[in-house]
Amino acid sequence: MPPHDAPRINPSILAADFVNMQSELERIESADFVHVDVMDNHFVPNLTFGTQMVERIQATSPVPLDVHLMIDDPERWAPDYAELGAASVTFHLEAATEPVALARRLRAIGARAGVAVKPATDVANLLDVLDEFDQILVMTVEPGFGGQSFMPETMPKLSLLSTEARRRGSQVWLQVDGGISESTIGQAAAAGADTFVAGSAVFGSSDPDAAIAALRNQARKHTHAH
């Protein structure tokens, strides 16, 4: 695994070959985490997999799991993913009734606690509670489907979070997810992201490890000194 301060690259298995999941996971051993999108067909208009599949991925993955729950009622379900050993569990701010309480519960179980926001969601309410979360995920596409185009209009929100995190000396990771490629990752890094979810840019490559290295280098070039 690369040094802690290097830009983190988390390939999304939404872009992987589900039938050959184990060999797909072995193709991304140089990644920091594997990003696992759980969708319930309610919060987003798509259905992926639940705890059983994630448990199998957890058992076979050479890298830790970064689970992104695009689901209703995360209070009910998120702790299950922490219990089965996911390194990081991110739920949506729009779906949670008590986001800080839920984040504390996930941390108590032993997972990193993340909160995600859709492109149109304001982050002002998160500024005072940054340190209650280990990661804030700014969606750079509408959640639900892979392969969408990066939305640069989400960058001011990321910059706001980044500026506030630095001002407070916060250790929170700032993640982006959606349309991340070699041509867009620089914009997100410049706005303050340090953790990047990439799907087709990695799994669509004949050499995923080379794609991960290229993304990391591109992000590093644009990362402003903290």
>> Just to be sure I understand, how many residues within the range 107-134 are among the charged types (D, E, K, R), assigned to a helix (DSSP H, G or I) and free of Cβ contacts under 8 Å to residues at least 40 places away in the same chain?
In response: 3
>> Checking His42 against (1) without any contact (Cβ under 8 Å) to a residue 40 or more places away in the chain; (2) not in a loop (DSSP other than H, G, I, E, B), only one condition comes out false. Which one?
In response: (2)
> Looking at Phe203, is it under 24 Å from Ala111 (Cβ atoms) and either at pLDDT 95 or above or of a type in the set (Val, Ile, Thr) (or both)?
Replying inline: no
>> Consider the range 24-42. How many of its residues are under 18 Å from the mean Cα position of the chain (by Cα) and crowded, with 21+ Cβ neighbours inside 10 Å?
In response: 10
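Among the residues of the range 171-202, which ones are among the acidic types (Asp, Glu) and either outside any loop (DSSP other than H, G, I, E, B) or closer than 16 Å to Ile13 by Cα (or both)?
The one that is among the acidic types (Asp, Glu) and either outside any loop (DSSP other than H, G, I, E, B) or closer than 16 Å to Ile13 by Cα (or both): Asp177.
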> Restricting attention to the range 188-207, which residues are touching a helix residue (DSSP H, G or I) at 6+ places or on another chain (Cβ under 7 Å), hydroxyl-bearing (Ser, Thr, Tyr) and under 22 Å from Pro119 (Cβ atoms)?
Replying inline: Ser200
> What number goes with the only condition from (1) at pLDDT 95 or above; (2) in a loop (DSSP other than H, G, I, E, B) that Pro143 does not pass?
Replying inline: (1)
> So is Asp72 buried (at least 23 other Cβ atoms within 10 Å of the Cβ) and out of contact with any helix residue (DSSP H, G or I) (no Cβ under 7 Å at 6 or more places or on another chain) or not?
Replying inline: no
> What residue, among those in the range 146-170 that are assigned to a loop (DSSP other than H, G, I, E, B) and of a type outside the set (Gly, Ala, Ser), is surrounded by the fewest Cβ atoms within 10 Å (Cβ to Cβ)?
Replying inline: Gln148
> Among the residues of the range 178-226 satisfying the criterion of being among the hydrophobic types (A, V, I, L, M, F, W, C) and under 18 Å from Glu26 (Cβ atoms), which is surrounded by the fewest Cβ atoms within 10 Å (Cβ to Cβ)?
Replying inline: Ala210
> Taking the range 85-111 on its own, how many of its residues are surrounded by fewer than 16 Cβ atoms within 10 Å (Cβ to Cβ) and of a type in the set (A, V, I, L, M)?
Replying inline: 3
>> Out of the residues in the range 112-143 meeting the condition of being closer than 20 Å to Pro79 by Cα and touching a Leu at 6+ places or on another chain (Cβ under 7 Å), tell me which one is surrounded by the fewest Cβ atoms within 10 Å (Cβ to Cβ).
In response: Val117
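The values are calculated or read from the model by the stated rules, or taken from the named source; none is laboratory data. Just so it is clear, the structure is predicted and the values come from calculations on it, not from any experiment. Glycine also receives a Cβ, built like all others from the backbone with ideal geometry; neighbour counts cover every protein chain displayed.
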